[in-house]
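Enquirer: Input: one structure, supplied below.
The values are calculated or read from the model by the stated rules, or taken from the named source; none is laboratory data. Source: prediction; values computed, not measured. Please note: Cβ atoms are built from the backbone with ideal geometry, for glycine as well, and neighbour counts cover all protein chains shown. For accessibility, only protein heavy atoms count, side chains too; no ligands or nucleic acids. Shrake-Rupley method; radii C 1.70, N 1.55, O 1.52, S 1.80 Å.
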Amino acid sequence: VMNLEAGEHNWLTKFELEDRSQSLQYLRGFHWAVAQYTPSPINLNPQNSGEQLLILTVIFIALPLMGALLSVVTNAVKQISEAAGKDKEAMREVQRYLLLNKTPLELSTRVMRALKFVMQSRAVTVQQPPICKLLPQGILEELHLSKKRHAIVIHPLFKLLLHPELSNSGALSYAFTPRILAIGDVVFTAGEVAKGMCITMTGTYMLVDGISFDGPTFDKPSCFAEASLWIPVRHKSSLFSLEGSEVLIITSEDLLNSLKDSAEMMLAVCEYAREYADKLARTSDLSEQDLNSIPVVPDSFQEEWAEQACKSTQLFSVLHGSEAGKHWAESTEDEETGVEVNEIIELGLSSKVSDAELAKLFESSFLELHAETGIYAYLEAHNVRRRGLLGMMSVLWLLRGDYKAISAAQPPGELLEPKMWEHLQKFVAWASLTREQIHAVLFYLAINGLGKMPRFALLCPPRQRESNESI
């Protein structure tokens, strides 16, 4: 390592390593360094004063480091032994309790298996540090949700409610109650009233039909008894745990309580429940049962039903889009309408087209008013659509001074008086609207009805529903 004076040997020359490869020199040097921290002997001795000084320095540094390392290892082993000893003592106390109370052997076995599984689960689970309680509520909800998310999102409805754009989705995680199961434990039994929907997280299970004593086994996350969230039902089968497992249980009350601060999510759940219940009511098994009793329905997850019911919600259309929604949401500038709005204004003011043709031109240029694919038609607000279209035509009738056309569209007993008509004509002449201003008025009348439609208001954020104008 060191050669302070000319002609003085070092360890490389002493042990004939000068002409050997650098990799071998490195490995021998590394071996020597490791040996200084362990009792393992090595025959590489110092050959000069510099190497002797280096070895002494390393030894003095290694002594306190080795002491600290041994102390840490000793304390860790001691803590593990104490924890294992406490667990063993606790298990012995349970055994004594079961023995003194003459507990049946089958029940005693189940108790011991369950306790063993709980202790093993506790050993691999890291508890949340107390300081995490200082985190904001939103971050705590996300942290709590991350442990369950992989199992919850297998259901289309919960996957929709956990969409990243929804701010209150984290609260949904608290609606699920975890339940630890041991070998042979029953999750639910055929014939009993379902207490809520069940989602398996970990473990292996067997789903047994109410008649037989055998059934398929599975170990992947699955959903059962979803119908219990929407209507009272009884289980048609039984679910058993074949090993230590964990399931999540959610009831309709817990689901609604977790979503009470989110109107759009609550609406989505109601729309989903209505569609799912309609599909369930149309099944032959349910229709043949006594209407005065709680029906028995299959417990298996109806994935196709769930996906269709999920797509029927307005929330799904807003977050993912739909054919009709995409059509009326596109800008009129991106559509080939055939006739520009300014040209329609000229045609309407010059009376070169009939009123029926004028209405068709408005529908083709203002896509919101389209009779089949417009937003009004999409939300089945046909009367609101017609009122908006009539208002737009009335603007052109007023501008061209066509009293006959505007009075023909009014009920006989509510005709516009000639004197009021004269005042309106004077006002129009005074305003002297430009084509751009007329275009703006027509556009406002085309969308003004949207603010009066409750179904459309539900698509807007809650804070924007205070008035028709804000919507």
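Enquirer: To the nearest 10 square angstrom, what accessible area does residue 403 show with a 1.4 Å probe?
Expert: Estimated to the nearest 10 Å², residue 403 gives 70 Å².
Enquirer: Next up: Per residue of region 135-141, in order, report the coupling 6.51 cos²θ - 1.76 cosθ + 1.60 (Karplus, θ = phi - 60°) as ³J(HN,Hα) in whole Hz, putting x for Gly and Pro.
Expert: With the stated coefficients, region 135-141 comes to 5, x, 4, x, 5, 4, 5 Hz.
Enquirer: Take the Cα of residue 133, step 7 Å along the line toward its Cβ, and report every residue of region 140-177 whose backbone nitrogen sits under 17 Å from that point.
Expert: It comes to 140-141, 144, nothing else.
Enquirer: Carbon and sulfur atoms: what percent of the 1.4 Å accessible area of region 15-117 do they account for?
Expert: Of all accessible area on region 15-117, carbon and sulfur atoms account for 65 percent.
Enquirer: Placing +1 at every Lys and Arg Cβ and -1 at every Asp and Glu Cβ, with all other atoms neutral, what dipole size does the chain have around its Cα centre, in debye to the nearest 20?
Expert: That gives a dipole near 1720 debye.
Enquirer: What does the accessible area per residue of region 164-265 come to in Å², with a 1.4 Å probe and no ligands, DNA or RNA counted?
Expert: 45 Å²
Enquirer: On a 1.4 Å probe surface of the protein chains, which of 347, 145, 458 comes out largest in accessible area, and what is the full order?
Expert: Per-residue accessible area, sorted high to low, gives 458, 347, 145.
Enquirer: Over region 158-233, what is the relative contact order in percent, taking alpha-carbon pairs closer than 8 angstrom and at least six residues apart?
Expert: Dividing the mean separation by the residue count of region 158-233 yields 26 percent.
Enquirer: In region 383-468, carbon and sulfur make up what percent of the accessible area (probe 1.4 Å)?
Expert: 60 percent
Enquirer: What figure in square angstrom, to the nearest 10, would you give for the accessible area of residue 204 with a 1.4 Å probe?
Expert: 40 Å²
Enquirer: Turning to a different aspect of this structure: In nm, to one decimal, how far is the residue 468 label point from the residue 38 one, both placed 7 Å along Cα→Cβ?
Expert: Spacing of the two 7 Å Cα→Cβ label points: 8.6 nm.
Enquirer: Angle between the Cα long axis of helix 418-431 and the longest principal axis of the chain, 0 to 90 degrees, nearest 10?
Expert: Compared with the principal axis, the helix lies near 50 degrees.
Enquirer: Between the helical axis of 49-100 and the dominant principal axis of the chain, each derived from Cα atoms, what acute angle in degrees is found, rounded to the nearest 10?
Expert: Its long axis makes an angle of about 70 degrees.
Enquirer: Further, regarding this structure: In the structure displayed, which of 86/148; 102/236; 78/102; 78/133; 116/236; 195/279 lie more than 26 Å apart, Cα to Cα?
Expert: Over 26 Å Cα-Cα: 86/148; 102/236; 78/102; 78/133; 116/236.
Enquirer: Once both axes come from the Cα atoms, what is the angle between helix 382-400 and the longest principal axis of the chain, in degrees from 0 to 90, rounded to 10?
Expert: Computed tilt is about 50 degrees.
Enquirer: Starting from the Cα-Cα distance between residue 441 and residue 105, subtract it from 0.36 nm times their residue separation and give me the gain in nm to one decimal.
Expert: 112.5 nm
Enquirer: Could you order 279, 116, 86 so the one with the most accessible surface comes first? Probe is 1.4 Å.
Expert: These residues rank, largest area first, as 86, 116, 279.
Enquirer: What's the extension gain from residue 220 to residue 93 if we count 0.36 nm per residue and subtract their Cα-Cα distance? Show your work: numbers first, answer last.
Expert: On the way: separation 127, 0.36 × 127 = 45.72 nm, distance 3.57 nm.
Full-extension gain reported as 42.1 nm.
Enquirer: How much accessible area per residue does region 387-440 have, in Å², with a 1.4 Å probe? Before the final figure, lay out the partial values.
Expert: On the way: 3630 Å² over 54 residues.
With the other protein chains kept in place, region 387-440 gives 67 Å² per residue.
Enquirer: I'd like the accessible area for residue 307, computed on protein heavy atoms only with a 1.4 Å probe and all protein chains in place. Round to 10 Å², please.
Expert: Accessible area of residue 307: about 80 Å².
Enquirer: Per residue, how much accessible area does region 52-98 have with a 1.4 Å probe, in Å²?
Expert: Roughly 78 Å² per residue, with all protein chains present.
Enquirer: Tell me the relative contact order for the chain as a rounded percent, counting alpha carbon contacts under 8 Å between residues six or more apart.
Expert: Normalised by residue count, the contact order of the chain is 9 percent.
Enquirer: Given points 7 Å out from each Cα along the Cα-Cβ axis, report the residue 13 to residue 431 separation in nanometres with one decimal.
Expert: 10.9 nm
Enquirer: At 7 Å along Cα-to-Cβ for each site, give me the label-to-label distance between residue 380 and residue 282 in nm.
Expert: Placing both labels 7 Å along Cα→Cβ, they lie 1.5 nm apart.
Enquirer: Could I ask something else about it? Give me the percent of accessible area attributable to carbon and sulfur for region 193-247, probe 1.4 angstrom.
Expert: Using a 1.4 Å probe with all protein chains present, region 193-247 comes out at 58 percent carbon and sulfur.
Enquirer: State, as an integer percentage, the relative contact order of region 9-107 based on alpha-carbon contacts under 8 Å between residues 6 or more apart.
Expert: Answer for region 9-107 is 25 percent.
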